[in-house]
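Single-structure report; data block below.
Only the coordinates and a few stated rules stand behind these numbers; no lab work does. Everything quoted here is computed from the prediction, not taken from an experiment. Here the Cβ is made from the backbone with ideal geometry for all residues, glycine too, and neighbour counts use every protein chain on show.
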Ligand code: IPM
Ligand code: MG
């Protein structure tokens, strides 16, 4: 049976970068290498403009029936004034929750060709290869109660709830440990256990899960220190496992170690094979429609999709190798350009990857 991939271009640079990733996927399909059907849907601002809501039922039904979802990016100033329930970001969070995509894998790999694109000194980042495993469907993003209320006739207060169940911590830690066994056997769990009860429980549970992985070393780090260590000595990390909000923050920081957030893919997995694949960056409304965006994070997300949802790890590797070739040739979108390299636009970059395949 053909595999079904749902494509959700979204907003801003989303449609441009998605087009390049789909171009690469379609070429593989055309060569008969992997039978797959593509279906398109709307999410975020694009969906709000058409239906009034950021995640229409239609899109959700498509996503539920698919083997994998490839998403561009969502959001933009046009929809910033909307109340929270109707914002583009809410659509993305609803999609992650509805799919049960609790395990967000965000690799930060420095391509040797991009060493000079990083703002850090070469010896600090050369050879960097770390993976952030971010819990994605719980924590303070989803905790109830939440809201803004009037407390007296002078002022309001706002509140969110940070809550994790043991089972939620167990399953994300297992994902991290499983992956660490395939990597360098080290998991660093990041928390704020000196202040938060949630983090105390997180630590206990992580220790407990670690018992089943005798070859993997577990260490713990407070989030503030982890933020510092990431720029001080990022190569000390192999797999970082952390909660939703801490992972959100650390993954942007880790992305910049590699030169550009425009290079970083992500996978959000439900633990049963289905996944949502999206670049780690946002919708960059300031450069949307100008063919300036870097499509490589989305193309690399499509490679992750091959590996984790479509059972085609060889094709994933081929895409990743092709990206390496294109960088070897000196082709760069503006975010990763440096003296002596050749500036190309979004579609040219996609075409170059295609050719390298
Ligand atoms: C991300 C983004 C999202 C998040 C936003 C757009 C809701 O920052 O994927 O990291 O906070 O999860
Ligand atoms: Mg983020």
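Details
- Tensor-based shape of the range 2-65 (alpha-carbon gyration tensor, a/c under 1.5 rounded, otherwise prolate or oblate): oblate
- Subtracting the Cα-Cα distance of residue 152 and residue 291 from their residue separation scaled by 0.36 nm leaves 44.9 nm.
- Kirkwood analysis of the Cα pair distances in the range 217-357 returns a hydrodynamic radius of 16.5 Å.
- Per-residue Cβ neighbour rank within 10 angstrom, fewest leading, 308, 40: 40, 308
- The label point for residue 1 and the one for residue 38, both projected 7 Å from the Cα toward the Cβ, are 2.3 nm apart.
- Shape call, the range 214-290: gyration tensor on alpha carbons, a/c limit 1.5: oblate
- Rounded to the nearest 5, the antiparallel percentage of DSSP beta bridges internal to the range 108-262 is 30%.
- Estimated FRET transfer efficiency when R0 is 30 angstrom, pair residue 51-residue 129 (beta carbons, to 0.05): 0.15
- Value in Å of the Kirkwood radius, where the chain supplies the Cα pairs that are averaged: 20.9 Å
- Rg in Å to one decimal, and Dmax rounded to a whole Å, for the range 49-175 via C-alpha atoms: 19.3, 60
- Spread over its residues, the convex hull of the C-alpha atoms of the range 108-262 is 133 Å³ per residue.
- Length gained when the stretch residue 232-residue 30 is fully extended (0.36 nm per residue, less Cα-Cα span): 68.1 nm
- Estimated purely from DSSP H runs of n ≥ 4, each contributing -39500 (n - 2.57), the mean residue ellipticity at 222 nm for the chain is -12500 deg cm²/dmol once divided by its residues.
- Global form of the range 293-357, assessed from the alpha-carbon gyration tensor, a/c cut-off 1.5: prolate
- Spatial separation of Cα centroids for the range 100-117 and the range 229-267, in angstrom: 7 Å
- Modelled spin-label separation between residue 207 and residue 171, with each label point placed 7 Å from Cα along the Cα-to-Cβ direction: 2.5 nm.
- Separation of the range 118-186 from the range 287-339 is 26 Å, based on Cα centroids.
- Take the Cα of residue 65, step 7 Å toward its Cβ, do the same at residue 116, and the gap between the two points is 5.1 nm.
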